[in-house]
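Below you'll find the structure, written out as structure tokens, and then a few comments.
The values are calculated or read from the model by the stated rules, or taken from the named source; none is laboratory data. Computed from a predicted structure; not experimentally measured. Because the Cβ atoms are built from the backbone with ideal geometry, glycine has one as well, and the counts that use them run over all protein chains shown. In case anyone asks, the SASA skips ligands and DNA or RNA and just uses the protein heavy atoms, side chains included. Shrake-Rupley method; radii C 1.70, N 1.55, O 1.52, S 1.80 Å.
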Amino acid sequence: GVLGVFGLVVNCIDYDLDDSSFKSVVVKGFCDLLIFKKVNSICLLSKLLILWFKRLSRESFSLYNHLVKFFTSYVFYIDSSSSVLAMCYVPVLKEIDEYNLGEKLDIKMDEVNSTLFNLTKGLMYMNEKKAINAHGELACYILDYLLDENQPYTAMLVDTLNKLEIDFDNTTQTHPTDRKSVV
């Protein structure tokens, strides 16, 4: 059906795009569909993120600018963006690893990690209230990934879990001022 055709079109986007490519027009169209909430696709958003993380070249300068504008609009104006970007976190890492895109596209994994973390936590648009559940969702996706698969980013993902500052101990803690002092 329609979703199958959409998936095929998304999969036709490769990472060797330049500004003169017909595929760059398709990417711009997909960005508009996402902004105007006509489409909701983790696969598409993950591909756009990878294109955004790709090393900038003279041939892809306009496309890169378009992606910067898209992600700025997406993050600032779409309330669900933090949750959706949390869902993209693991697929982006998987795709980069599976196709060796870090080396092929000169992608810096620590930059990918910190950018996705900041987008999900709401730090990019200085509104952590918007992202209140997204960082919890991200923790769940990361834990599932760490438990299910033997993957190369374990240290980075454990560091990200630490930065999310989630209390995994389900115990009640007392505030230091609640404790009685012993003399």
message: Let me check I've understood the local charge: for Leu17, count other residues with C-beta under 11 angstrom from its C-beta, Lys and Arg +1, Asp and Glu -1. What total comes out?
response: -1
query: Along the range 86-91, what does the Karplus equation 6.51 cos²θ - 1.76 cosθ + 1.60 (θ = phi - 60°) give for ³J(HN,Hα), rounded to whole Hz, x for Gly and Pro?
result: 4, 5, 7, 3, 5, x
message: Heavy atoms of the protein only, probe of 1.4 Å, neighbouring chains included. What is the accessible area of Val84 in Å², nearest 10?
response: 10 Å²
task: Could you tell me the accessible area of Met109 in Å² (1.4 Å probe, neighbours in place), rounded to the nearest ten?
output: 40 Å²
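To the nearest 20 Debye, how big is the dipole of the range 1-62 about its Cα centre, given +1 on the beta carbon of each Lys and Arg and -1 on that of each Asp and Glu? Kindly include the intermediate steps, with their values, before the conclusion.
Details: 8 positive and 6 negative charges, 43 e Å.
Result for the range 1-62 is approximately 200 debye, rounded to the nearest 20.
Where the eigenvalues come from the Cα gyration tensor of the range 43-123, what are the semi-axes √(5λ) of the equivalent ellipsoid, largest first, in whole Å?
Values: eigenvalues 77, 52, 21 Å².
Largest first, the range 43-123 gives 20, 16, 10 Å.
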